1. Could you list which residues have their amide H under 5 Å from that of Arg213, counting only those 5 or more apart in sequence or on another chain, with H placed in the peptide plane?
2. Specify whether the C-alpha gyration tensor of region 45-151 places it in the rounded, prolate or oblate class, a ≥ b ≥ c being the square roots of the eigenvalues: rounded for a/c under 1.5, otherwise prolate if a/b is larger than b/c and oblate if not.
3. With the full set of protein chains in place, find how many percent of the accessible area of the chain is carbon and sulfur; take the probe as 1.4 Å.
4. May I ask you to give the solvent-accessible area per residue for region 85-161, in square angstrom, as obtained with a 1.4 angstrom probe?
5. At a probe radius of 1.4 Å, what is the per-residue accessible area of Ile179, in Å² to the nearest 10?
6. Sort Glu33, Glu114 from largest to smallest accessible area, using a 1.4 Å probe on the heavy atoms of the protein chains.
7. Of Phe55, Phe16, Phe137, which has the most accessible area with a 1.4 Å probe, and how do the rest follow in descending order?
8. Run the numbers on the chain and let me know its relative contact order in percent, using alpha-carbon pairs under 8 Å that are six or more apart.
Amino acid sequence: MTPTPALRLAQVSVAFGSHQALDSLSLTLASGEIYALLGPNGAGKTTTINLILGFLAPDAGGIAVDGIDAVADPLSARARTAYLPETVMLHPALTAVENLRYFALLAGRTIDRERATALLAEAGLQRDAHDRRANAFSKGMRQKVGVAIALAKEARLLLLDEPTSGLDASAANDLSATIRAAAARGMAVLMATHDLFRVHDVAGRLGILRGGRLVEERATATLDPPALERLYLEALAA
């Protein structure tokens, strides 16, 4: 039996007035796969994420998360999805452990302190930060708590929107390791990004959006970094 894809987009289109934001986008992610969605501002990356999350309804096409119709039943699809925006918002007065337990509870899951600390460590947050308040956390630390929340939720799909924006090289490396660890647990990862270096470092496949259309799709293993940059620039100039 063919495994159920973690994410399937089938000929998805959406327009805002006269602007065609997405035009017949089709995309499939298997469990444990890391896929990078590339494109300039306005290409349709964030629109794609908002459609998957059910914040927008497509004009045409279908969206399924772990086999759940995300258009007909967005709440059930969202229950299988975790989302890390560019800036992860945590309760500033709560510690990392408290934030994790709180957001897990909102997702309908009760976890004890031992489980919370194990998930935070798995997400790469140093142990001396587990009981520190989030108001002093860097962006990279916030992202690690966000990934731990996704692990606690047992999400089948993790959506990342410009995850390395504003991170230094060390924090970006840590995030790449965290993403790979999540995928190793069977979570599919869709990351919308401009960071070509990280794409080559972490993603198994990539797609390039231009004007709402998927104009290129490749396995990253077939491209070295200079070839990836050429492909990206040529796809946007075509």
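The values are calculated or read from the model by the stated rules, or taken from the named source; none is laboratory data. Computed from a predicted structure; not experimentally measured. Cβ sites come from the backbone with ideal geometry, for glycine too, and all protein chains shown count toward neighbours. Quick note on the areas: whole protein, heavy atoms, side chains included, nothing else; ligands and nucleic acids left out. Shrake-Rupley method; radii C 1.70, N 1.55, O 1.52, S 1.80 Å.
1. Asp23
2. Because a/c hits 1.5 or more and a/b exceeds b/c, region 45-151 counts as prolate.
3. 52 percent
4. So region 85-161 comes to 47 Å² accessible per residue, rounded to a whole number.
5. Surface accessible to solvent at Ile179 totals approximately 10 Å².
6. Sorted by accessible area, descending: Glu114, Glu33.
7. The ranking, largest first, comes out as Phe55, Phe16, Phe137.
8. Computed value for the chain: 26 percent relative contact order.
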